[in-house]
Amino acid sequence: MSEITLQVNNETHVVDVEPSTPLLYILRNDLDLSGPRFGCGLGQCGACTVLIGGRAVRSCITPTSSVAGQAITTLEGLSQNGQLDPVQQAWIDEQVPQCGFCQNGQILTAKVLLANNPNPTDAEIRQGMDGTLCRCMTYYRIQAAIKRAARTMAAANEEVNA
Amino acid sequence: MTSRRDFLKNTGLLVVGISSASLASAQDAGPYPDIDFHQLDSWIVIREDNTATFYVGKTDLGQGTGTAFRQIMSDELDIAYDNTDVVMGVTDITPDQGGSGGSDALQTDGWPMRRVAAEARRVLLSLASDRFNVPVEQLSVSDGVVTVTANPSRSITYGELIGGKRFNVTLTGDRVNDLTGQAPLKAVQDLKMTGTSPQRFDIPPKVDGSLKWAVDVKVPGMVHARNVKPPTAGAQLVSIDESSVSGIPGFIQVVREGNYIAVVCEREEQAIQAARQLKAEWKKPEASPFPPSDDLHSFMRAAEPTSSGQPSFEGDPDAAFAGAAKRFEGDYFVPFVGHTAIGPAHAMADPTDGQLTIYSNDMKSYGLRNGVAQFLNMPADKIRVVWMDGPQAYGRTAADDAGFEAAYLATKLNRPVRVQWMRDEETAWDTKGPAYAMRMRGALDADGNLIAADQDFRAIDYNHVGYNEHDSVLIAQLTGRRRTTPAAGRASVSTDSYAIPNRRFSTHVVSLPLIWETPLRTGNLRDPDGPQVTFGSESFIDEMAYQAGADPVAFRLKMLEAGTGDDDGFRRTRSIACVKAAAEAYGWDTRTSPKPIADGDILTGRGFAYSYRSQTIAAEIAEVEVNRRTGKVWVKRIVCAHDCGLVVNPVGLRHTVECALQYSLSRALHEEVAFNSEKVTSVDWGSHPSLRHSDTPEKIDIILVNGDPNPDRPDLPHYGAGEASCKPLLAAVGNAIFDATGVRIRSVPFRPARVLAALNAATA
């Protein structure tokens, strides 16, 4: 066991754990964050996704010690000043989730996709989201929500630039 | 009578505790007797501020049924939808409606909900009548405010009439589904919320991360358990070397009974490590438990059935075959398919004062309560199950292994235990939808009419696992507490309204060599047999259209329209309406299949299939692109015409159907349980592929049909919508592949290797 400092959702936490422990268990069990969820423990499905350094990272296969001190954002930390992120709002407007268990990974992966490519084509969305699985099969609706979020984000940018 | 404590619960005070993060505060002293469903107060509580809470014995698996329940109940009660909420599936707080399953949320269980709400409205109007000294007929009500019609200045809210008080009204009906008061239901035309699409109340907390799921429950002193499964099916545990894990930090205990093993540790990652590291010696069974999955179809064809159903007949099929102009025969196969939920099985059980609270996503929470009571030999009123959201279930949690395991371990250790399965465990060992081998024979007369069909369905379903049975759930098998008599299982037949003058349906159940302690346990999976039997039958009908030289839609419509009778739900008439609506929405041009084979790598085609489930009709068209070089199939477009009677929430219904179509698409293209002769080998998302974003159709069109011959009738029923649309798609895709390539593939899934092999065989 050793003390590790984590920066999660703009808060500093010090945890005393086995350094190789996957980040997922620390977030869920020590920091009480339930956005990231266990789906496979193999990095195959995306349910455990968090944001680190602008990337969508699978916390179930990320040793906690490897992300010490880095800024980590979970689903809970996505809203700003009480305002949902445009991606989250698009998810509500399109009524995306069924059971919702995978949607943490879908939302955060979409967030990174749109940050890197604000106006993705259908093919780019399919490719960019391909490794994030949903067993309720909300894919069609997720893709509609990503396009909706891209539009709202573009409109907001125009407003800022006007 | 409801007790004081029950009434406090019904005021919502305790419910706040359950839906918030501080779950421990919800734990109060038992016992936890059943809620008296005959009491109106058990279903509806109205507060002084004119808000209402509905208590229903159902669970919402993500199709928005909770929102629909609020809609139909606020409609009958005449209260503003926004001033209501709903509590579902908590065994000591909500009346037992059996939980979820069978697409029955609205079709069956919606009726008592509506009648109870209508009765509450009647009682409230009667109270207002007394208050104003005005006959009920001279009162009007809207959004929970009762007004004297002739003098609108005289009005009173429901909250003022009854807020904080009980109705004290006893309803009649022996069973919960028969429950009724004195009030009649409203005519469909008078419903205001029904037919509108309020957004699902459960979506914002699922999107912002605030929802607490069953996987999130924590209480002080809780420890973590993981199972250690037998390495091969039917293996017997010889010995355990506990010293192989006792040095792991946080190690608490290895629990062993029979062939069941769990390790318990303070922390979750410690339990995972211990489960991986535990040294155990197992002895394989002498006989192979099953044939490899590649041989399953031939095994099933050769197997001696454990039981056969009495064939159902119309006309004289054998005579019709003998005199036919053209005969056809085909064998079809659908393999075992797992549930493979996105999150594996999990539950947390908290024993306090000799009682037990189980936090679970069990879709049938009441059944879990009853099953655990029998399994642990505890009085049922010492146990309660708190249903919470979980990963998609579709039958998986109806035999809730983790719920039983958590309860077992919690009482064994006498402390709160959370158990969760690992991915390989879930994918290999969850309950499986039965494989089907189907032999279809058809006969045409000289005019191309299908004059005889002989349809034989065999399911590998012997010892089908029941709903939360204390003596068939996996831990009962592994601990040696199972029953001795296997369940008979069942084989189903396809459902359509075709007029085929001579027809025989035969059914057989066959068995694998090993039926206990096996990962190939069959259980209920989303429309347990529908996708399988419809693949066989609707592929077969398509082949008969080809043999007849007929357009596949025209061939089916002719058989539907040739029928003369209909049932009381007008299933045949509504089937015709759906078939026509799907063809029209797609822009179906009448021609025979296959279309002329084009040049180039990509071949395109369209395929049709139709079926019904109970009274819900689904007619579907798939448009495919087949890459003849790689064998890869992309379903580019899906059209579904759907009739489930009265639509409560059109947006919610569309999304349910949209997801059901893609679920079946996953089965059509990808899903199959793979196994060798001793264990399941598809154990994760690599070895068990599932639909992905890149597979998603470019366009999905859903047409909500009301094909009732009297579409405006005031009592139009609301039928189920969770499963019917899962049925036809496998066949629609196979029929489209035939249209595109001229090659008929009679087994799913249509993975590239299978498709490529079929294409190559056809050109060889």
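So, in the range B:536-565, how many residues would count as being touching a residue at least 60 places away in the same chain (Cβ under 8 Å) and assigned to a loop (DSSP other than H, G, I, E, B)?
Total satisfying the criteria: 4.
Just give me the residues in the range B:678-696 being crowded, with 18+ Cβ neighbours inside 10 Å, touching a helix residue (DSSP H, G or I) at 6+ places or on another chain (Cβ under 6 Å) and within 8 Å of chain A (Cβ to nearest Cβ), in sequence order.
Result: B:684, B:690, B:691, B:693, B:696.
Here are the criteria: (1) closer than 30 Å to residue B:513 by Cβ; (2) out of contact with any His (no Cβ under 6 Å at 6 or more places or on another chain). Tell me which single one residue B:308 does not satisfy.
Going through (1) closer than 30 Å to residue B:513 by Cβ; (2) out of contact with any His (no Cβ under 6 Å at 6 or more places or on another chain) one by one, residue B:308 breaks only (2).
I need every pair where a residue in the range B:466-477 that is more than 15 Å from residue B:488 (Cβ to Cβ) has its Cβ under 6 Å from the Cβ of a residue that is of a type in the set (A, V, I, L, M, F, W, C) and at pLDDT 95 or above, sequence separation at least 6 or different chains.
Listed by first residue and then by second, the contacts come to B:468/B:368; B:470/B:375; B:473/B:404; B:475/B:404; B:477/B:516.
Is at least one residue of the range A:17-39 part of a strand (DSSP E or B) and more than 11 Å from every other protein chain (Cβ to nearest Cβ)?
So far as the range A:17-39 goes, no, none of its residues is part of a strand (DSSP E or B) and more than 11 Å from every other protein chain (Cβ to nearest Cβ).
Which pairs have Cβ atoms under 8 Å, sit 6 or more apart or on different chains, and link a residue in the range B:146-157 that is assigned by TED's automatic domain parsing to the domain that holds residue B:122 and in a loop (DSSP other than H, G, I, E, B) to one that is crowded, with 17+ Cβ neighbours inside 10 Å and not small (Gly, Ala, Ser)?
Every condition considered, the pairs that remain are B:149/B:139.
Report yes if residue A:46 is touching a residue at least 60 places away in the same chain (Cβ under 8 Å), at negative phi and within 11 Å of chain B (Cβ to nearest Cβ), otherwise no. Steps first, answer last, please.
Working: touching a residue at least 60 places away in the same chain (Cβ under 8 Å): yes; at negative phi: no; within 11 Å of chain B (Cβ to nearest Cβ): yes.
No: the conditions fail for residue A:46.
Could you list, in sequence order, the residues of the range B:686-745 that are more than 23 Å from residue B:609 (Cβ to Cβ) and outside any loop (DSSP other than H, G, I, E, B)?
Within the range B:686-745, B:693, B:694, B:718 meet the criteria.
The conditions are (1) in contact (Cβ under 8 Å) with a residue 40 or more places away in the chain; (2) within 12 Å of another protein chain (Cβ to nearest Cβ); (3) over 15 Å from the mean Cα position of the chain (by Cα), and residue A:153 fails exactly one of them. Which is it?
Of the numbered conditions (1) in contact (Cβ under 8 Å) with a residue 40 or more places away in the chain; (2) within 12 Å of another protein chain (Cβ to nearest Cβ); (3) over 15 Å from the mean Cα position of the chain (by Cα), the odd one out for residue A:153 is (2).
Has the range B:654-661 got at least one residue that is more than 14 Å from every other protein chain (Cβ to nearest Cβ), at negative phi and among the β-branched types (Val, Ile, Thr)?
No, because not a single residue in the range B:654-661 is more than 14 Å from every other protein chain (Cβ to nearest Cβ), at negative phi and among the β-branched types (Val, Ile, Thr).
Quick check on my filter: what residues within the range B:303-359 are part of a loop (DSSP other than H, G, I, E, B), touching a helix residue (DSSP H, G or I) at 6+ places or on another chain (Cβ under 6 Å) and of a type in the set (Gly, Ala, Ser)? Walk me through it before giving the result.
Of the residues in the range B:303-359, the ones part of a loop (DSSP other than H, G, I, E, B) are B:303-306, B:309-311, B:315-316, B:323-325, B:335-336, B:339-345, B:353-354.
Right, trim to touching a helix residue (DSSP H, G or I) at 6+ places or on another chain (Cβ under 6 Å) and you get B:339-341, B:344-345.
Residues satisfying the conditions are B:341, B:345.
Collect the residues in the range A:7-33 that are of a type in the set (S, T, N, Q) and either free of Cβ contacts under 8 Å to residues at least 24 places away in the same chain or assigned by TED's automatic domain parsing to the domain that holds residue A:108 (or both), keeping them in residue-number order.
Taking the range A:7-33 as the starting set, the residues that turn out to be of a type in the set (S, T, N, Q) are A:7, A:9-10, A:12, A:20-21, A:29.
Result: A:12, A:29.
Identify the residue in the range A:62-75 that is hydrophobic (A, V, I, L, M, F, W, C) and more than 12 Å from chain B (Cβ to nearest Cβ) and, among all such residues, is nearest to the chain's Cα centre (by Cα).
To start, the set of residues in the range A:62-75 that are hydrophobic (A, V, I, L, M, F, W, C) comprises A:67-68, A:71-72, A:75.
Keeping just the survivors that are more than 12 Å from chain B (Cβ to nearest Cβ) gives A:67-68, A:71-72.
On the way: A:67: 16, A:68: 18, A:71: 13, A:72: 10 Å.
Per the stated criteria, the residue is A:72.
Do you know which residues across the range B:363-398 are acidic (Asp, Glu) and within 14 Å of chain A (Cβ to nearest Cβ)? Reasoning before the result, please.
The first filter runs over the range B:363-398 and keeps only residues acidic (Asp, Glu), leaving B:381, B:389.
Of everything in the range B:363-398, just one residue is acidic (Asp, Glu) and within 14 Å of chain A (Cβ to nearest Cβ), namely B:389.
If we keep just the residues of the range A:79-115 that are facing chain B (nearest Cβ under 10 Å), β-branched (Val, Ile, Thr) and within 20 Å of residue A:43 (Cα to Cα), which is surrounded by the fewest Cβ atoms within 10 Å (Cβ to Cβ)?
A:109
Kindly evaluate residue B:241 against the criterion of being surrounded by fewer than 22 Cβ atoms within 10 Å (Cβ to Cβ), outside the structural domain of residue B:399 (by TED's automatic domain parsing), at pLDDT 95 or above and not β-branched (Val, Ile, Thr).
When the stated conditions are applied, residue B:241 does not pass them.
Hey, could you check the range A:27-48 for residues that are touching a Phe, Trp or Tyr at 6+ places or on another chain (Cβ under 9 Å) and not hydrophobic (A, V, I, L, M, F, W, C) and say which is surrounded by the fewest Cβ atoms within 10 Å (Cβ to Cβ)?
Among those residues, the one meeting the criterion is A:44.
Of everything in the range B:634-653 that's away from every other protein chain (no Cβ under 14 Å) and part of a loop (DSSP other than H, G, I, E, B), which residue is surrounded by the fewest Cβ atoms within 10 Å (Cβ to Cβ)?
So, considering only residues that are away from every other protein chain (no Cβ under 14 Å) and part of a loop (DSSP other than H, G, I, E, B), the one surrounded by the fewest Cβ atoms within 10 Å (Cβ to Cβ) is B:646.
Write out, first by first residue and then by second, each pair whose Cβ atoms fall under 8 Å of each other, whose residues are 6+ apart or on separate chains, and whose first residue, in the range A:116-136, is facing chain B (nearest Cβ under 7 Å) and acidic (Asp, Glu) while the second is surrounded by 12 or more Cβ atoms within 10 Å (Cβ to Cβ) and not in a helix (DSSP H, G or I).
Within 8 Å, the pairs are A:130/B:692.
Testing residue B:427 on (1) touching a Gly at 6+ places or on another chain (Cβ under 7 Å); (2) within 14 Å of another protein chain (Cβ to nearest Cβ); (3) at positive phi; (4) of a type outside the set (Lys, Arg), one condition comes back false. Which one is that?
Only one criterion is unmet by residue B:427, namely (3).
Is one or more of the residues making up the range B:584-594 under 30 Å from the mean Cα position of the chain (by Cα), of a type outside the set (Ser, Thr, Tyr) and farther than 21 Å from residue B:733 by Cα?
no
The values are calculated or read from the model by the stated rules, or taken from the named source; none is laboratory data. The shown structure was predicted, so the numbers you read here are calculated from the model rather than taken from an experiment. Neighbour counts are summed over all protein chains in view; Cβ atoms, including those assigned to glycine, are modelled from backbone coordinates with ideal geometry.
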